[in-house]
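These notes concern the structure reproduced below.
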Amino acid sequence: MSIWPLTSQLSPSVWLIHSFIHSFIHSFIHSFIHSFIHSFIHSKPLPKSADVVVIGGGSLGCQTLYHLCKLGMTNVVLLERDRLTAGTTWHTAGLLWQLRPSDTEVELLAHTRNVISSELEEETDLETGWIQNGGLFIASNKQRLDEYKRLMSLGKAYGIESYVLSPAETKDLYPLMNVKDLYGTLYVPKDGTMDPAGTCTTLSRAATARGATVIENCPVTGIQVKVDDLGVKRVKEVETAHGTIQTPCVVNCAGVWATKLGEMAGVNVPLIAMHHAYVVTERIEGIQNMPNVRDHDASVYLRLQGDALSVGGYEHNPIFWNDVSCNNCVYKSDKSFTADHKPLMGEAPEVRGFFLGCGFNSAGMMLGGGCGKELAHWINHGRPEKDMCGYDIRRFHHSLTNNNRWIRERSHESYAKNYSVVFPFDEPLASRNMRTDPFHQVLQEQGCVFQERHGWERPGWFNRGGPAPVLDYDYYGAYDVPKNTDYKYSEILGKEYTFDFPPHHDAIRDECLSCRNAVAVFDMSYFGKFYLTGPDAKKAADWLFTADVNKAPGSTVYTCMLNKRGGVESDLTVSRLEPSPAHHPLTPESNGKRHTCPHTLSHTHTHTHTSTHTQMMRLCDLCVDSRELLQEVLNSDLSNDAFPFSTHKIVNAAGHKVRAMRLSFVGEMGWELHIPKESCLPVYHAVMAAGAKYGICNAGYRAIDSLSIEKGMDLRPDDTPLEAGLAFTCKMKTSIPFLGRQALEAQKAEGLRRRIVCFTVDEKVPMFGLEAIFRNGVPVGHLRRSEFRFAIDKTIGYGYIRNPDGGVVSPDFVRSREFTLERMGVTYKATAHLKSPFDPENKHVKGIYG
């Protein structure tokens, strides 16, 4: 893709440099004069106290302040070390694209667009600088265009107008574009451009009109914390060059300076600042009113700037900004990137009252409105309204957030892959093998292709071609680092880069069918394990868990944990344990750190203790032959009468004490073995040796995903158990109060406005989630997740559907009409199910076959 001829007589490269220097000098002089004048002016007196202090006057800071005020908070202060937008925001392109490969992000972008394009102007009578000139995504190959088609289909579920255009249609829309090397484009007419300065100024004026205080030229010099009576660190006050503000809440929206700000409070902020280059062209005849362009394959964007273009890109060898001090070079174009290309938001685990709103990977302007609203709700109500788990700072283990190698390598890869196609089965190559369990080496030797989740290496699937270890990160050959050669793991990943069935589809099929028809073993040590102990543990359990878990020791109960709005924070099993001697190898033991989940800490009673247990590994043995196999390894009767479903006991396995739990995540009879770390390999080898005659195989999480979807459900914090078909987990027929009960009772009385539905497609077509759902041709939702069902050779998916009229979504609403699913612009007839079509009576998990 190219746009020629340019109107300069200089060569293109010289012309761009000339134009950039001219633009840079103009911006530098303007900014220098502005800063010089303001360095002598401190605009407003500092208040003695505030309910919230927002630090950073860029997009996120101003949006968060505005939305805090909209929630009714008036004693809020924004501190900016220089002037509003003086950091990353001043040089941002200000592009807003409505479509991204995430339903949550589509909703966040929609809110930003609404705030910028209409809400602010209606409230203040001031223009924000919004220009609706449209957006055009360029595809140079089939895979890229397939990704755009997926976005188009998702957009239909949200009412976003978009079109996939041929090269000829693209030429008609954008006459200056050379389309000879194009595969196609995605055109979104209502995308547009934001003016960073105009937007932030209007936001700050709207906030101050509601009672907020905005103070510029007020650098923060320190953040003091205190330790409460329970030993919890909390924000106490903010120190500045002009005085101190007492406050229980600080919001770190400091952009590339966020790490420095976190250090003041003892909070790790895992992001890296990198220089980002862009140029501004001179006048181009005929460019006026053209849409903004993203050429993802060339890794560049073209922003319309009057009758010129601002052009920027992302290379594999960005320059790290290592010395991010409060005094150096505000005028450089710099961006902050994070380890997983997602922002850092929410309350820091180290200090209560210290919130993050930073690390936006060049998307802070477009995500600012939606994220500012969610962050404000998080601060005011204790949690966001939407599912923000992927942005929550607590997604990273503390052993990673202070690991400089991990932060640097992973953030570099985020930058280098900023415009890469988002494939369903992609995995990072940077900073792998950070957290491994005792099974890692032996599984790798058997061909395990590992996935990385939260720093853990967990089994993805097993490659028939032998070991494929993950190697040290090579920075894609940048910085004179030798590029890895003959890299089998990377080659395997490359073959997975498709929106069709991946080449290793058959290997995963074999793992799934082995589990259904013979026996499979899964390493599930990655799953979290927590112990709730203390004299008030029963009271805490009654309040936290939706199900009645007051059963006899040896029982296991499937339950949910909700928030106040009735949303599912977690679905889990709770096992009642017998008190054990302190020296027993399976006695719960704290790892020295309290569970940092605010949801639990906020609602547990004083005399309880919640601890994680990292020394207990989890091995699962599943399917029809699992009882016969384990009977040879365990010294316990495994019959239905002696060891019924949803129970557990301590047994001997190959001479080692383990806790056996009769549970299943894949809809078959099976047991979990919770094994002390030092006993893992002996028990594993004993299971595999006994299972040889039963055709045992190793299996990974790709198989779990396929098998578990046959049993149904997809849960997020914005879903309730009633919507998800999990009403049976709630003790609604008892008088026992539990967190979220009032919200569920109100929802039940009113009727469900959304409901999860299972869909099957007879045609053998791959689906991965985000496909649009239509009821009689009208969009009613999208698939949350989808997998291929190998047992019946069909695709299955789950999605929450709504009534377009806003009415109740009853079972009759589902049964009475025809449904279709749209995948990459193609519609497929689908069958809707209110219950899983696979073993709907749950007989298999109870050992009832035939």
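Checked against (1) open to solvent by 20 Å² or more (accessible area, probe 1.4 Å); (2) among the aliphatic types (A, V, I, L, M); (3) part of a loop (DSSP other than H, G, I, E, B), Val267 passes all but a single condition, namely (1).
Just name the residue that is surrounded by the fewest Cβ atoms within 10 Å (Cβ to Cβ) out of those in the range 169-198 that are aliphatic (A, V, I, L, M) and within 15 Å of Phe137 (Cα to Cα). Reasoning before the result, please.
Here is the first cut: in the range 169-198, the ones aliphatic (A, V, I, L, M) are 173, 176-177, 179, 182, 186, 188, 194, 197.
Still in the running and within 15 Å of Phe137 (Cα to Cα): 173, 177, 179, 182, 186, 188.
Numbers: Leu173: 17, Met177: 21, Val179: 21, Leu182: 22, Leu186: 26, Val188: 24.
Only one residue fits best here, namely Leu173.
Can you tell me which residues in the range 552-564 are more than 18 Å from His674 (Cβ to Cβ) and not aliphatic (A, V, I, L, M)? Result: Thr559, Cys560, Asn563, Lys564. Among all positions in the range 361-381, there is no residue which is closer than 24 Å to Asn433 by Cβ and open to solvent by 20 Å² or more (accessible area, probe 1.4 Å). Of note, Gly712 does not satisfy the criterion of being more than 30 Å from Ala518 (Cα to Cα) and not aliphatic (A, V, I, L, M).
Residue by residue, here is whether (1) in contact with a strand residue (DSSP E or B) (Cβ under 7 Å, 6 or more places away or on another chain); (2) farther than 20 Å from Tyr301 by Cβ holds:
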{"residue": "Tyr187", "(1), (2)": "yes, no"}
{"residue": "Lys190", "(1), (2)": "no, no"}
{"residue": "Val214", "(1), (2)": "yes, yes"}
{"residue": "Gly231", "(1), (2)": "no, yes"}
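Checked against the criteria, Gly211 does not count as touching an Asp or Glu at 6+ places or on another chain (Cβ under 7 Å), loosely packed, with under 14 Cβ neighbours inside 10 Å and at pLDDT 95 or above.
For every residue, the table says whether it meets (1) open to solvent by 40 Å² or more (accessible area, probe 1.4 Å); (2) over 18 Å from Asp705 (Cβ atoms).
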| residue | (1), (2) |
| --- | --- |
| Arg753 | yes, yes |
| Glu763 | yes, yes |
| Leu770 | no, no |
| Ala791 | yes, no |
| Ile801 | no, yes |
| Val808 | yes, yes |
| Phe813 | no, yes |
| Arg817 | yes, yes |
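What number of residues within the range 819-839 are within 28 Å of Gly667 (Cβ to Cβ) and open to solvent by 60 Å² or more (accessible area, probe 1.4 Å)?
4
The set of residues in the range 443-452 being open to solvent by less than 20 Å² (accessible area, probe 1.4 Å) and either at pLDDT below 95 or more than 28 Å from the chain's Cα centre (by Cα) (or both) consists of Gly447 alone.
Of all the residues in the range 453-505, those that are loosely packed, with under 14 Cβ neighbours inside 10 Å and among the small types (Gly, Ala, Ser) number 4. Checking the range 308-319 against the condition returns a match, with at least one residue being in the same structural domain as Asn380 (by the TED database), within 22 Å of Glu409 (Cα to Cα) and either part of a strand (DSSP E or B) or acidic (Asp, Glu) (or both).
The residue list Arg754, Arg775, Arg702 contains one member that is closer than 27 Å to Glu374 by Cβ, touching a strand residue (DSSP E or B) at 6+ places or on another chain (Cβ under 7 Å) and touching a residue at least 24 places away in the same chain (Cβ under 8 Å), which is Arg754. Among the residues of the range 632-651, is any in a strand (DSSP E or B), aliphatic (A, V, I, L, M) and over 17 Å from Gly691 (Cα atoms)? Yes.
In the range 673-713, of all residues being in a helix (DSSP H, G or I) and in contact with a Cys (Cβ under 7 Å, 6 or more places away or on another chain), the one that is surrounded by the fewest Cβ atoms within 10 Å (Cβ to Cβ) corresponds to Ser706. Within the range 382-417, the set of residues being among the hydroxyl-bearing types (Ser, Thr, Tyr) and either touching a residue at least 60 places away in the same chain (Cβ under 8 Å) or crowded, with 22+ Cβ neighbours inside 10 Å (or both) comprises Tyr391, Thr401, Ser411, Ser414, Tyr415.
Scanning the range 346-360 for residues that are of a type outside the set (A, V, I, L, M) and either free of Cβ contacts under 8 Å to residues at least 12 places away in the same chain or assigned to a strand (DSSP E or B) (or both), we see that the one that is surrounded by the most Cβ atoms within 10 Å (Cβ to Cβ) is Gly357.
Considering (1) assigned by the TED database to the domain that holds Lys236; (2) modelled with pLDDT of 95 or more; (3) over 30 Å from the mean Cα position of the chain (by Cα), the lone condition that Pro47 does not fulfil carries the number (1). Pairs linking a residue in the range 544-562 that is closer than 21 Å to Ile650 by Cβ to a residue that is of a type in the set (Asp, Glu), with Cβ atoms under 7 Å and 6 or more positions apart or on different chains, are Pro553/Glu578.
Only a single criterion out of (1) in a strand (DSSP E or B); (2) basic (Lys, Arg); (3) closer than 30 Å to Gln305 by Cα is not satisfied by Lys180, namely (1). With a requirement of 1 or more residues that are more than 30 Å from Leu630 (Cα to Cα) and in contact with a Pro (Cβ under 9 Å, 6 or more places away or on another chain), the strands (runs of 3 or more DSSP E) lying completely within the range 455-550 that satisfy it span 530-533.
Of the set (1) open to solvent by less than 70 Å² (accessible area, probe 1.4 Å); (2) more than 26 Å from Tyr163 (Cβ to Cβ); (3) basic (Lys, Arg), all apply to Arg784 but (2). Scan the range 508-536 for residues that are among the basic types (Lys, Arg) and either buried (at least 19 other Cβ atoms within 10 Å of the Cβ) or at positive phi (or both) and jot them down. Hit for the range 508-536 is Arg516, nothing else.
The values are calculated or read from the model by the stated rules, or taken from the named source; none is laboratory data. Note that the structure is a prediction, hence the values are computed from the model and not measured. In this analysis, Cβ positions are derived from the backbone assuming ideal geometry, glycine residues included, and neighbour counts consider all displayed protein chains. Ligands, DNA and RNA are excluded from the accessible area calculation, which covers all protein heavy atoms including side chains. Shrake-Rupley method; radii C 1.70, N 1.55, O 1.52, S 1.80 Å.
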